[in-house]
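Contents: one structure, followed by commentary.
The values are calculated or read from the model by the stated rules, or taken from the named source; none is laboratory data. These numbers come from a predicted model, not from an experiment. Glycine also receives a Cβ, built like all others from the backbone with ideal geometry; neighbour counts cover every protein chain displayed. We work out accessible area using only protein heavy atoms, side chains counted, and drop any ligands, DNA or RNA first. Shrake-Rupley method; radii C 1.70, N 1.55, O 1.52, S 1.80 Å.
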Amino acid sequence: MACSGLNIPCDENSSIYVFDHIFADIGDNQSILESLSTFSSHLINIVDIMKQATSNSLILLDELGSGTDPLEGAHLAISILDYFKNLGSLVVSTTHYHELKQYALVTDGFENASVEFDLTTLSPTYRLLVGIPGKSNAFEISQKLGLPKSIIEKAQSFMTSEQIDFENLLKSIYEDKTLLEKEKSKISQELETISDLRKSLERENDTLKQQEEKLIHDAKVKARNILLEAKEDASQIIKKMNSSTTVQEIEKDRNVLNQKLKSLSSPLLTHTSFSESPLTADTIKLHADVWVTNLGQKGVVVSHVSKSNEVQVQIGSMKMSVPLKYLQLISPTKETNSRHLAQSVPYLSKTKVAKSEINVIGLNVEEAIFVVDKFLDDSILAKLQTIRIVHGKGTGKLRNGIHHFLKNHPHVAYFRLGTYGEGETGVTVIELK
């Protein structure tokens with residue numbers, strides 16, 4: 001079947017071997033005409049097999065050693081099997097002889113096997129049990145078929161104690177193996193159920209991850225659209241301010257923009273109040289919610305105060321060093337007056353609290369450009385003409401990144417390097433259009 005490309009009834013990872021010959025001694029070829037007894041006919045076949053068999057042959061023998069004295073037949077069968085074993089042939093032999101079963105139990109190269117038999121129905125189950133010598137079950141079958149019990153009991157009494165012990169041993173092994181096979185089958189089913197459940201959980205987990213990714217993506221798109229809309233509104237107001245629009249119209253547009261900003265504010269901010277004065281080393285605490293005034297962002301304190309009077313603040317996924325003078329404590333309250341909130345939160349009233357200087361020291365280029373872009377928008381709304389960006393001297397990478405961004409900004413008239421501290425060129429001065 002295998003050589004013909006047909007599917008064969010076997011377990012996964014089974015091996016297929018192609019034999020040079022397949023020999024069989026099965027059935028009863030006794031002949032009165034040829035003066036052949038059962039034993040003689042079997043032996044002629046076996047002698048012929050011995051002449052042709054090789055180490056690559058498969059030999060099938062049915063009831064080897066039968067048809068003669070049981071004891072002599074059993075010993076002869078053992079000797080024949082030993083010959084084929086030394087030859088290297090693969091042999092499958094059936095027998096009812098205890099001597100062969102015992103020999104297979106204690107001899108390397110031999111393995112007992114039996115087919116499960118259901119005594120209730122007197123029929124085989126066709127389940128092969130490897131490693132278990134089969135019981136003949138002659139007494140049980142005889143009793144089921146109606147043989148008088150007295151005859152069976154007398155037959156049992158003729159058995160030697162050694163034979164009885166061996167039969168009991170076979171029965172015990174058989175029952176234990178059957179139980180183990182049932183438990184193995186049950187465990188296999190449970191493992192299959194667990195495997196199906198694990199696959200189901202993995203699929204559900206993948207679905208949840210996809211939903212999570214979609215929610216995050218949708219939120220980012222929504223936030224981007226809100227930002228673009230706000231910047232567009234700001235640009236329109238700036239255009240009107242540069243035209244001949246009246247003061248009343250500008251004030252009206254500013255109020256409309258403030259209302260939009262209020263409506264887009266985080267729910268947290270609408271129930272939050274800020275400390276009136278900057279924090280100090282005595283009042284700052286780990287994990288405190290703070291408002292970073294020079295960035296216009298909410299953050300969490302994640303370090304103690306350094307010698308330079310700075311703390312590490314986490315804003316979103318970023319961590320940066322911020323001087324205490326730029327921090328205000330956020331404390332949740334049940335209710336906050338909306339007018340006071342508009343004055344306390346920097347981006348809700350740009351014209352009143354906008355500052356002309358921002359400090360981006362400690363940020364990388366990408367983070368700094370995001371902060372500078374927002375700072376420019378706030379400064380334009382507040383009608384500031386000159387603003388300053390403190391970026392420090394360092395390697396110049398942060399300064400160059402900011403300058404490259406400013407060159408392409410539509411509302412930057414020109415910019416130049418300024419000084420701070422002890423005359424160091426760590427500040428960029430910007431004139432706005």
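Looking only at region 201-229, which residues are among the β-branched types (V, I, T) and more than 19 Å from K374 (Cβ to Cβ)?
Initially, region 201-229 is screened for residues among the β-branched types (V, I, T), giving 207, 216, 221, 226.
Result: T207, I216, V221.
Residues E192, E183, E202, E212: which one is under 30 Å from G134 (Cα atoms), out of contact with any strand residue (DSSP E or B) (no Cβ under 6 Å at 6 or more places or on another chain) and surrounded by 10 or more Cβ atoms within 10 Å (Cβ to Cβ)?
On the way: E192 fails: under 30 Å from G134 (Cα atoms); E202 fails: under 30 Å from G134 (Cα atoms); E212 fails: under 30 Å from G134 (Cα atoms).
After ruling out the rest, the residue left standing is E183.
Would you please name the residue that is farthest from V18 (Cα to Cα), looking only at residues in region 54-75 that are open to solvent by 60 Å² or more (accessible area, probe 1.4 Å) and under 58 Å from the mean Cα position of the chain (by Cα)? Walk me through it before giving the result.
Within region 54-75, the first condition is being open to solvent by 60 Å² or more (accessible area, probe 1.4 Å), and the residues that meet it are 55-56, 69-72, 75.
With the extra rule that they be under 58 Å from the mean Cα position of the chain (by Cα), the set shrinks to 55-56.
Numbers: S55: 12, N56: 8 Å.
So the residue we want is S55.
Filter region 1-36 down to the residues that are open to solvent by less than 50 Å² (accessible area, probe 1.4 Å) and part of a loop (DSSP other than H, G, I, E, B), then identify the one that is modelled with the highest pLDDT.
Just the residues of region 1-36 that are open to solvent by less than 50 Å² (accessible area, probe 1.4 Å), to begin with: 2, 23, 25, 27, 31, 36.
Narrowing further to those that are part of a loop (DSSP other than H, G, I, E, B): 2, 27.
Values: A2: 86, G27: 78.
Per the stated criteria, the residue is A2.
Return only the number of the condition from (1) open to solvent by 50 Å² or more (accessible area, probe 1.4 Å); (2) hydrophobic (A, V, I, L, M, F, W, C); (3) closer than 29 Å to N137 by Cα that I78 does not satisfy.
Unmet condition: (1).
Scan Q328, Q312 and give me the residue that is modelled with pLDDT of 85 or more, touching a Lys or Arg at 6+ places or on another chain (Cβ under 8 Å), not in a helix (DSSP H, G or I) and not charged (D, E, K, R). Spell out how you get there, then give the answer.
Values: Q328 fails: touching a Lys or Arg at 6+ places or on another chain (Cβ under 8 Å).
None of the others qualify; the one that does is Q312.
Criterion first (among the acidic types (D, E) and closer than 18 Å to L61 by Cβ) does E72 satisfy it?
Numbers: among the acidic types (D, E): yes; closer than 18 Å to L61 by Cβ: yes.
Criteria met by E72.
Name the single residue that is most open to solvent (accessible area, probe 1.4 Å) among those in region 119-175 being modelled with pLDDT of 80 or more and on the phi > 0 side of the Ramachandran plot.
The selected residue is Y126.
Considering every residue within region 87-96, establish whether at least one is within 26 Å of L180 (Cα to Cα), surrounded by 17 or more Cβ atoms within 10 Å (Cβ to Cβ) and in contact with a helix residue (DSSP H, G or I) (Cβ under 6 Å, 6 or more places away or on another chain).
Checked against the condition, which is being within 26 Å of L180 (Cα to Cα), surrounded by 17 or more Cβ atoms within 10 Å (Cβ to Cβ) and in contact with a helix residue (DSSP H, G or I) (Cβ under 6 Å, 6 or more places away or on another chain), region 87-96 yields no hits at all.
Checking the structure you have, find out if any residue of region 57-66 is modelled with pLDDT of 90 or more, not in a loop (DSSP other than H, G, I, E, B) and not aliphatic (A, V, I, L, M).
yes
What helices (runs of 4 or more DSSP H) completely inside region 73-175 contain at least 3 residues that are within 30 Å of S41 (Cα to Cα) and of a type outside the set (V, I, T)?
Values: elements: 98-106, 138-144, 149-157.
In region 73-175, 98-106, 138-144 are the helices (runs of 4 or more DSSP H) which contain 3 or more residues that are within 30 Å of S41 (Cα to Cα) and of a type outside the set (V, I, T).
Which ranges mark the helices (runs of 4 or more DSSP H) fully within region 347-433 that have 3 or more residues being at pLDDT 85 or above and of a type in the set (K, R)?
Working: elements: 350-353, 365-381, 397-407.
Qualifying helices (runs of 4 or more DSSP H): 397-407.
Any residue in region 45-53 that is under 60 Å from the mean Cα position of the chain (by Cα), outside any helix (DSSP H, G or I), modelled with pLDDT of 95 or more and surrounded by 13 or more Cβ atoms within 10 Å (Cβ to Cβ)? Spell out the reasoning first.
As a first pass, look at region 45-53 and keep what is under 60 Å from the mean Cα position of the chain (by Cα): 46, 49-50, 52-53.
Retained after the next criterion (residues that are outside any helix (DSSP H, G or I)): 53.
Cutting the leftovers down to modelled with pLDDT of 95 or more gives us 53.
Next cut, surrounded by 13 or more Cβ atoms within 10 Å (Cβ to Cβ) only: 53.
Scanning region 45-53 turns up at least one residue that is under 60 Å from the mean Cα position of the chain (by Cα), outside any helix (DSSP H, G or I), modelled with pLDDT of 95 or more and surrounded by 13 or more Cβ atoms within 10 Å (Cβ to Cβ).
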